[in-house]
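Shown next, in structure tokens, is the structure this report addresses.
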Amino acid sequence: MKTENKKIYLVTGGCGFIGSCLVRKLLESKKNFVINYDNISYASNKESVGNVNKSNYLLIEKDIQDAKNVDKILSSYKPNYVIHLAAESHVDRSIDSPENFVFSNVVGTYNLLMSSYRLWSNLNANKNKFKFIYASTDEVYGSLQLDKKQFSENNLMKPNSPYAATKASGDLLARSWFKTYGFPVITTNSSNNYGLWQFPEKLIPLVIKKCLKEEAIPIYGKGNHIRDWINVEDNVDGILAVMKKGRIGERYNIGANNEKSNLEIVTLICSLLDILKPKKSGTYSDLISFVTDRPGHDLRYSLNTSKINQELNWTAKIDFKKGLKNTIKWYLANEEWLFSVTDSRYDGKRLGQIK
């Protein structure tokens, strides 16, 4: 494959929800060569990257836990940019199987940082053309009380779930590689993402699927837990803005100031589906069922994005209700995919309950 005169990107987790959106965006330019490094887990989907031109795209079906292969690929292709999105990301699964999250999110991140550092160390005059972007989450900051100000990049990390703890570990590893070795890493912390191709274990696609199958919609506790929602397209644009213009060694919050309680989200999905695909009788909100809360469930996440707004002149653009409506329409048009991936990979049963 010819990579001359192209910018080479290595994207980990490029067949996942956020990663595939990033890959699609990068492939819009023929000047880019994209290496998609993905282990094709239960939540990955090769179709999500779209119809790719094989002359500037390479899929490598390997795991970042395989340090030797990570080293091999980086030394062979010498990417200009490494954008690290690969991660186990479902909180309930992290409660049931925390070891999987430690190996993927901590050990895998270490492997990628170490191999990337070795590559960068040997670039000599081209060192300043290399960047490593570590994509993290708002969950590393912990739970925010209703009367407290939004999380800024200066907040201490106080993760409360095994998932959040492993992502925070990655944040700290990335920071230490910059502080100790001068390695050119930048971290992004995004709020809850929604959009096309999201695996239906996450709230929004799960609720859509439950509605379409007319099954009970489980809401944890009272449904009063608040999340700050951002469309995946906006998040990807934010990541690229950070990659192009962000300061080395810094972290940037990426959010859209769309704070909604889980009950608000579910109710809104139900009301939109009542219009887009009405039930034969009753409304979809009749399916709502309140269940026992998740252990250690964080009350609220909310990100202060003034740093990325002011430094990089970036703000989220997609209106939440419009974006949610378009997302629902996409799932309605792709019901076969929605049902097939859940039937074969996730039966919809609740996870993360401590017995």
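So the values come out like this:
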| read-out | value |
| --- | --- |
| Label-to-label distance, nm, for residues given as LYS25 and PHE103 (7 Å Cα→Cβ offset) | 3.1 |
| Cα shape, the stretch 33-83, gyration tensor, a/c 1.5 rule | oblate |
| Rounded tilt (10° steps) of 203-212 against the dominant C-alpha axis of the chain | 40 |
| Option label - semi-axes √(5λ) of the Cα gyration tensor in Å computed here, alternatives [x] 55, 21, 17; [y] 34, 23, 19; [z] 29, 27, 21 | [y] |
| Within the stretch 264-280, backbone nitrogen closer than 15 Å to the virtual label 7 Å beyond the Cα of GLU214 toward Cβ | 274, 277-280 |
| Considering only the chain, percent of DSSP beta bridges that pair antiparallel, nearest 5 | 10 |
| Percent RCO, i.e. relative contact order, over the chain, from Cα pairs under 8 Å lying at least 6 residues apart | 17 |
| Derived scalar couplings ³J(HN,Hα) [the stretch 304-313; Karplus, 6.51 cos²θ - 1.76 cosθ + 1.60; whole Hz; x for Gly, Pro] | 7, 10, 4, 5, 5, 4, 7, 6, 10, 6 |
| CD proxy at 222 nm, helix term only [per DSSP H run n ≥ 4: -39500 (n - 2.57); per residue of the chain; nearest 500] | -11500 deg cm²/dmol |
| Loop-located GluC sites (Glu not before Pro) in the stretch 1-68 whose Cβ has at most 15 other Cβ within 10 Å (DSSP) | GLU4, GLU28, GLU61 |
| SER76 paired with ASP96, simple spin-label distance in nm, labels 7 Å along Cα-to-beta-carbon | 3.5 |
| Length gained when the stretch GLU61-LEU172 is fully extended (0.36 nm per residue, less Cα-Cα span) | 37.2 nm |
| Antiparallel DSSP beta bridges within the stretch 86-231, as percent of all bridges there, nearest 5 | 0 |
| Greater than 18 Å apart at Cα, pairs in LYS213/LYS280; LYS31/LYS78; LYS7/LYS54; LYS78/LYS167 | LYS78/LYS167 |
| The stretch 196-355 - share of DSSP beta bridges that are antiparallel (%, nearest 5) | 40 |
| Whole-Å distance, taken between Cα centres, linking the stretch 3-47 and the stretch 242-279 | 23 |
| Label zone at LYS245 (point 7 Å along Cα-to-Cβ), backbone N below 18 Å, the stretch 171-207 | 186-189 |
| Rounded Å value of the spacing that divides the Cα centres of the stretch 178-232 and the stretch 318-341 | 14 |
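Only the coordinates and a few stated rules stand behind these numbers; no lab work does. Only a predicted model underlies this, so the values are computations on that prediction, with no experimental measurement involved. Quick reminder, even Gly has a Cβ in these numbers, built from the backbone with ideal geometry, and neighbours come from all protein chains shown.
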